[in-house]
1. Considering Cα pairs under 8 angstrom that are at least six residues apart, work out the relative contact order of the chain and quote it in whole percent.
2. Go ahead and run the numbers for FRET between residue 130 and residue 224, Cβ-Cβ distance against an R0 of 41 Å, rounding to 0.05.
3. What's the carbon and sulfur percent of the chain's accessible surface, probe 1.4 angstrom, rounded to a whole number?
4. Nearest-5 percent of antiparallel DSSP beta bridges in the chain?
5. Taking θ = phi - 60°, what integer Hz values does the Karplus form 6.51 cos²θ - 1.76 cosθ + 1.60 yield along region 42-47, in sequence order, with x for Gly and Pro?
6. Based on alpha-carbon centroids, what's the gap between region 145-220 and region 1-31 in Å, whole number please?
7. If you take every residue apart from residue 175 with its C-beta less than 12 Å away from the C-beta of residue 175, what net charge results, scoring Lys and Arg +1 and Asp and Glu -1?
8. With charges only on Cβ, +1 for K and R and -1 for D and E, what is the dipole size of the chain about its Cα centre, in debye, rounded to 20?
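The values are calculated or read from the model by the stated rules, or taken from the named source; none is laboratory data. Keep in mind that this is a model prediction, so the values were computed, not measured. Using ideal geometry, Cβ is built from the backbone for each residue, glycine included, and neighbour counts are taken over all protein chains shown. For the accessible areas, the whole protein counts, side chains as well, though only heavy atoms, and no ligand, DNA or RNA atoms are used. Shrake-Rupley method; radii C 1.70, N 1.55, O 1.52, S 1.80 Å.
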Amino acid sequence: MSEPFLIIFDVDGTLIDSQAHIVASMERAFATIGLPAPSRAETLSIVGLSLPVAMMKLAPNDASAHPALVEAYKQAFQDLRLSAQGASFAPLFAGAGEMLWQLHQDPRFVLAVATGKSRRGMEHILDLHSLRPIFASVQVADDHPSKPHPSMVETCLMDCAIPPERAVVVGDTIYDVEMAQAAQTGAIGVAWGYHAVADLRAAGALSILQHPNDLIPALAQRWSL
Ligand SMILES: [Mg+2]
């Protein structure tokens, strides 16, 4: 059989609908530090970046407050997670779980994760949704520079011994598309996440999925499967 293809997934906004959790945590973090909270749209625009980079964008004039904001955000996120009932703060998007299992059971594909989430946050998601067996490589913000740096994708490629031309990143933000380009893989955008489809296209996404069911046809088109 021929070599497999590697599908590298972003998590927040692509697999998991975490916007309620992220927006509430950001509002709490800014309140804790005594700064006016960013708007919902501003907060959603930074999802996927690591926290120090995100705070630079959200509070550009308060650099001295960034370390405290990062810590306050982490604390708020954890407090809300522990207070939330079950998966209500981090549900899978409709169809995303089924898509992952279908791809996992298909010998043509190997799956991986490149996320701006922390190791602790990602471990929680893997357990919450029983996704641990799905991914051959899981790369998180703790161990890499923020997207769009290609480090996370390059590590997935190395872990799985798959060359970039046989890999694709699936994500909802321009940071995912730019990260994929920097690593010389293609990128496929999703229309249900936190950045506008027009921006994903302009950044160079090869195609845009309207539903998780569209992924296998998009992969088939990319590689003439
Ligand atoms: Mg995302």
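1. Relative contact order here is 24 percent.
2. 0.80
3. Answer for the chain: carbon and sulfur cover 53 percent of the accessible area.
4. Antiparallel bridges: around 5 percent, rounded to the nearest 5.
5. 4, 4, 5, 5, 9, 4
6. For region 145-220 versus region 1-31, the Cα centre distance is 13 Å.
7. Taking every other residue near residue 175 into account, the sum is -4.
8. Taking the Cα centre of the chain as origin, the dipole is about 100 debye.
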